[in-house]
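*Asks:* Got a structure for you, written out below as structure tokens; questions coming shortly.
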Amino acid sequence: MKKISLNNIILFRQKSDKGRQTLLNNLKREGEAKSDGSGGNYWVRSLSALSNGFKLKDTQPIKEKISEILELFTPSLIKQTKDMYERNLSILHNYEDFDFSNWLPENSEILTKTNKKSIIYINTIPVQITPSQIYSFEKEGKQCVGAVWFIAKLEGYKTEELGMFVEALYIYLSSNFDEKFEISPENCLVVDVLSKKEINYQMLVDEDVPSIFSNTLELIKMTL
């Protein structure tokens, strides 16, 4: 298996023993699914606009994406495409007047993800971790790093599933940025953009959110 996404790790947890084996076999043979209701392509319009808005600290990319989708929204579209556009529009409308300073420290600077490891072996499992944006900032005289990961899925995520994303995100930062920066647990943030639920790594440290990531990877390792 070359890689497994967080969405497929969550899907693995939901299946029977036989279904888990089938899922892993399919991943080894076919790779990741890319266009279903939990995949990046389905939500690319809203998630990319949010990421760009975060990067610029400006809601203009969100407003522009709303206008772009509305122009594409014609009566001739098939229902599946209309539903996709409507769901992306719903997300964008939720954040079209959002203040990104709620998520970003005042003195933050966006960092490049180029040449950073997006597939990280955790307990021998190649986990694909794809944060939306990474940034640095100064806190109490220290250079710190934080990140945000915008995610979406039709049926939504449970709190402990969001915890898996944020734990993976913290590992990503530790693997790629810990030589130059101190990792800020409070600024390691995952946002479910459909429910507008936010989870940060400090919530796992404080045990406000259960940690199930390591146990799940151990189950995958045993099933392979």
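*Asks:* Name the residues in segment 38-62 that are assigned to a helix (DSSP H, G or I) and open to solvent by 70 Å² or more (accessible area, probe 1.4 Å), would you? First the steps, then the outcome.
*Replies:* The first filter runs over segment 38-62 and keeps only residues assigned to a helix (DSSP H, G or I), leaving 44-56, 60-62.
Once the filter is applied, which keeps residues that are assigned to a helix (DSSP H, G or I) and open to solvent by 70 Å² or more (accessible area, probe 1.4 Å), segment 38-62 yields 52, 55, 56, 60.
*Asks:* Here's another thing I want to ask about it. Considering every residue within segment 137-153, establish whether at least one is out of contact with any Pro (no Cβ under 6 Å at 6 or more places or on another chain), without any contact (Cβ under 8 Å) to a residue 12 or more places away in the chain and either over 23 Å from residue 218 (Cβ atoms) or among the β-branched types (Val, Ile, Thr) (or both). So that I can check it myself, show each step before the final result.
*Replies:* Initial filter on segment 137-153 (out of contact with any Pro (no Cβ under 6 Å at 6 or more places or on another chain)): 138-146, 148, 150-153.
In the following step, the residues that additionally are without any contact (Cβ under 8 Å) to a residue 12 or more places away in the chain were identified as 140-141.
Filter again for either over 23 Å from residue 218 (Cβ atoms) or among the β-branched types (Val, Ile, Thr) (or both), leaving 140-141.
Within segment 137-153, one or more residues are out of contact with any Pro (no Cβ under 6 Å at 6 or more places or on another chain), without any contact (Cβ under 8 Å) to a residue 12 or more places away in the chain and either over 23 Å from residue 218 (Cβ atoms) or among the β-branched types (Val, Ile, Thr) (or both).
*Asks:* Counting only residues that are closer than 22 Å to residue 62 by Cβ, at pLDDT 95 or above and open to solvent by 50 Å² or more (accessible area, probe 1.4 Å), how many does segment 113-142 have? Even if it seems obvious, please write down each step before you answer.
*Replies:* To start, the set of residues in segment 113-142 that are closer than 22 Å to residue 62 by Cβ comprises 113, 130-135.
Now drop any that are not at pLDDT 95 or above, which leaves 130-135.
When the remaining residues are screened for being open to solvent by 50 Å² or more (accessible area, probe 1.4 Å), the result is 130.
Qualifying residue count for the region: 1.
*Asks:* I've got another one for you. Of all residues in segment 87-108, how many are of a type outside the set (A, V, I, L, M, F, W, C) and surrounded by 12 or more Cβ atoms within 10 Å (Cβ to Cβ)?
*Replies:* First, pick out the residues of segment 87-108 that are of a type outside the set (A, V, I, L, M, F, W, C): 87-88, 90, 93-97, 99, 101-102, 105-108.
With the extra rule that they be surrounded by 12 or more Cβ atoms within 10 Å (Cβ to Cβ), the set shrinks to 87-88, 90, 93-96, 105, 108.
So the count comes out to 9.
*Asks:* Take the residues in segment 143-190 that are in contact with a strand residue (DSSP E or B) (Cβ under 9 Å, 6 or more places away or on another chain), assigned to a loop (DSSP other than H, G, I, E, B) and among the hydrophobic types (A, V, I, L, M, F, W, C), then tell me which one is surrounded by the fewest Cβ atoms within 10 Å (Cβ to Cβ).
*Replies:* That would be 181.
*Asks:* Still on this structure, I have one more. Only one of 77, 92 is modelled with pLDDT under 95 and not in a strand (DSSP E or B). Can you tell me which?
*Replies:* Numbers: 92 fails: modelled with pLDDT under 95.
From the options 77, 92, the qualifying one is 77.
*Asks:* Determine which single condition residue 68 fails, assuming it passes every other condition in (1) modelled with pLDDT of 95 or more; (2) surrounded by fewer than 14 Cβ atoms within 10 Å (Cβ to Cβ); (3) touching a Phe, Trp or Tyr at 6+ places or on another chain (Cβ under 8 Å).
*Replies:* (3)
*Asks:* Residue 198: surrounded by fewer than 18 Cβ atoms within 10 Å (Cβ to Cβ) and at positive phi, yes or no?
*Replies:* Working: surrounded by fewer than 18 Cβ atoms within 10 Å (Cβ to Cβ): yes; at positive phi: no.
When the stated conditions are applied, residue 198 does not pass them.
The values are calculated or read from the model by the stated rules, or taken from the named source; none is laboratory data. In this text the structure is predicted, and so the values were computed from the model without any measurement. Note: ideal-geometry Cβ built from the backbone for every residue, glycine included; neighbour counts use all protein chains shown. Heads up: the accessible areas ignore ligands, DNA and RNA and are worked out on the full protein's heavy atoms, side chains in. Shrake-Rupley method; radii C 1.70, N 1.55, O 1.52, S 1.80 Å.
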